[in-house]
Amino acid sequence: MTDQLLSLDALHRRRGARMVSFAGYAMPIQYADGIIAEHQWTRTHAGLFDVSHMGQLTLPLAADAALERLLPGEITGLAEGALRYSLLLNDNGGILDDLMVTRRADDLYLVVNGATKVADLAHLRAAGLAPVYRDDLALLALQGPAAVTALDGLVPGVAALRFMRAGGFDWDGVALWVSRSGYTGEDGFEVSLPAAAAEAFAEALLAQSEVRPVGLGARDSLRLEAGLPLYGHDLTPDTTPVEAGLSFAISKRRKTEGGFPGAALILAQLAEGASRRRVGLAIDGRQPVREGAAVIVDDEVAGLVTSGGFGPALGSPIAMAYVPAAAAADGTRLQVEVRGRRLDATVVPMPFFPKSYVREGAKP
């Protein structure tokens, strides 16, 4: 099957991107400078990511209670302009997708993963909801310490937003929906806009010296350093929020009331603990470990690495893995097997690299 082309496909190719197939789309994995340089640029300046493969959906405001029944987060009490990270769950408490929900003045706006958006649409429809898939929109992410200066220079007023807050803005007559959010651990923004205007807007951002295009490779290494899970790897239908370390996505009221798929199991895990947990691993030496590597505890295979690689900002290899609860405490020493060789590793707190979100109460 031929990959779909993003609205910025020509821009990526003009700028020397190496394109790969991802979630059914042709997407840039890196540009000429390479993944490590793009990673470091985002940590110190501003990286522009094309994430238009993500699914952008809308629901009527009146659907908030019905949507809430599918998620462990509180949606009915969500304030206008506020984002909430949440999870679509199956009846066993397994994660079908992780997503963002925003209450806007006229609708609920959802951003779901590109590889799962078709299944998500079917799941919502099977629950009696009528989501609208906005394939007329593009989605760009501008991430890094210089992101606020670069974006506010084009779209005055966005600097007033704080982490997990969003609003509508105008750029030369083009309607933008801007959230202060992202998937790198850095301060930054995601901008939803008409696909027809995406290339002109991206070029206007890239005309600024602090902004460079960044591909999927650095997006993955950045989110790994930030300890952020990737759906289909660290999160699956066989993983519960408690096992994944995502209990914060279960709102306080729902922890008492339940009323979401798999609530009995998840609430029991909250009370008694899960048998396994997602943990961060610092790997001794310089050899990166990859997804699927066996985790060895007391000379027995006890878990698997779900994400791994070299942390450019750390200068060392890191990984995420699921291990038994008894081996999940920070400081636990264990091993990871790579090509028949066992590497020593230590369970460490996540994020591996400090997050730089600008939260409510921070000075403008």
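The values are calculated or read from the model by the stated rules, or taken from the named source; none is laboratory data. None of these values were measured; they are calculated from a predicted model. With ideal geometry, Cβ positions are generated from the backbone for all residues, glycine too; neighbour counts draw on all protein chains shown.
Observations
- Every residue from segment 1-33 that is in a loop (DSSP other than H, G, I, E, B), touching a residue at least 24 places away in the same chain (Cβ under 8 Å) and out of contact with any Phe, Trp or Tyr (no Cβ under 9 Å at 6 or more places or on another chain): 7, 8, 23, 24, 31
- Yes/no for residue 78 being surrounded by fewer than 21 Cβ atoms within 10 Å (Cβ to Cβ), modelled with pLDDT of 95 or more and in contact with a Ser or Thr (Cβ under 9 Å, 6 or more places away or on another chain): yes
- The set of residues from segment 73-98 being closer than 17 Å to residue 238 by Cα and either touching a helix residue (DSSP H, G or I) at 6+ places or on another chain (Cβ under 6 Å) or not in a loop (DSSP other than H, G, I, E, B) (or both) comprises 86, 87, 88, 89, 93, 95, 96, 97, 98.
- For segment 100-108, the criterion of being under 22 Å from residue 249 (Cα atoms), assigned to a loop (DSSP other than H, G, I, E, B) and not aliphatic (A, V, I, L, M) is met by at least one residue.
- All conditions but one from (1) more than 17 Å from the chain's Cα centre (by Cα); (2) in contact (Cβ under 8 Å) with a residue 40 or more places away in the chain; (3) crowded, with 19+ Cβ neighbours inside 10 Å apply to residue 275; the one that does not is (3).
- Any chance residue 298 is under 11 Å from residue 281 (Cβ atoms) and charged (D, E, K, R): no
- Candidates 150, 141, 146, filtered to the one that is in contact with a Phe, Trp or Tyr (Cβ under 8 Å, 6 or more places away or on another chain), under 21 Å from residue 43 (Cβ atoms) and modelled with pLDDT of 95 or more: 141
- Of the candidates 124, 99, the single residue that is of a type in the set (A, V, I, L, M), within 15 Å of residue 67 (Cα to Cα) and free of Cβ contacts under 8 Å to residues at least 40 places away in the same chain is 99.
- Here residue 157 qualifies as loosely packed, with under 15 Cβ neighbours inside 10 Å, at pLDDT 95 or above and under 20 Å from residue 357 (Cα atoms).
- Among the candidates 43, 15, the residue that is under 14 Å from residue 221 (Cβ atoms) and basic (Lys, Arg) is uniquely 43.
- Selection count where residues are under 14 Å from residue 152 (Cα atoms) and not hydrophobic (A, V, I, L, M, F, W, C), scope segment 166-214: 11
- Just one of the listed residues (218, 204, 244) is surrounded by 22 or more Cβ atoms within 10 Å (Cβ to Cβ), in a helix (DSSP H, G or I) and of a type in the set (A, V, I, L, M, F, W, C), namely 218.
- Set 159, 138, 195: member being more than 20 Å from residue 228 (Cβ to Cβ), touching a residue at least 40 places away in the same chain (Cβ under 8 Å) and under 19 Å from the mean Cα position of the chain (by Cα): 138
- Exclusive hit being assigned to a strand (DSSP E or B), assigned by TED's automatic domain parsing to the domain that holds residue 42 and touching a residue at least 40 places away in the same chain (Cβ under 8 Å), set 190, 186: 190
- Of the set (1) touching a strand residue (DSSP E or B) at 6+ places or on another chain (Cβ under 9 Å); (2) assigned to a helix (DSSP H, G or I), all apply to residue 125 but (1).
- Segment 287-323, residues that are surrounded by fewer than 16 Cβ atoms within 10 Å (Cβ to Cβ) and over 17 Å from residue 234 (Cα atoms): 287, 298, 299, 300, 301, 314, 315, 316
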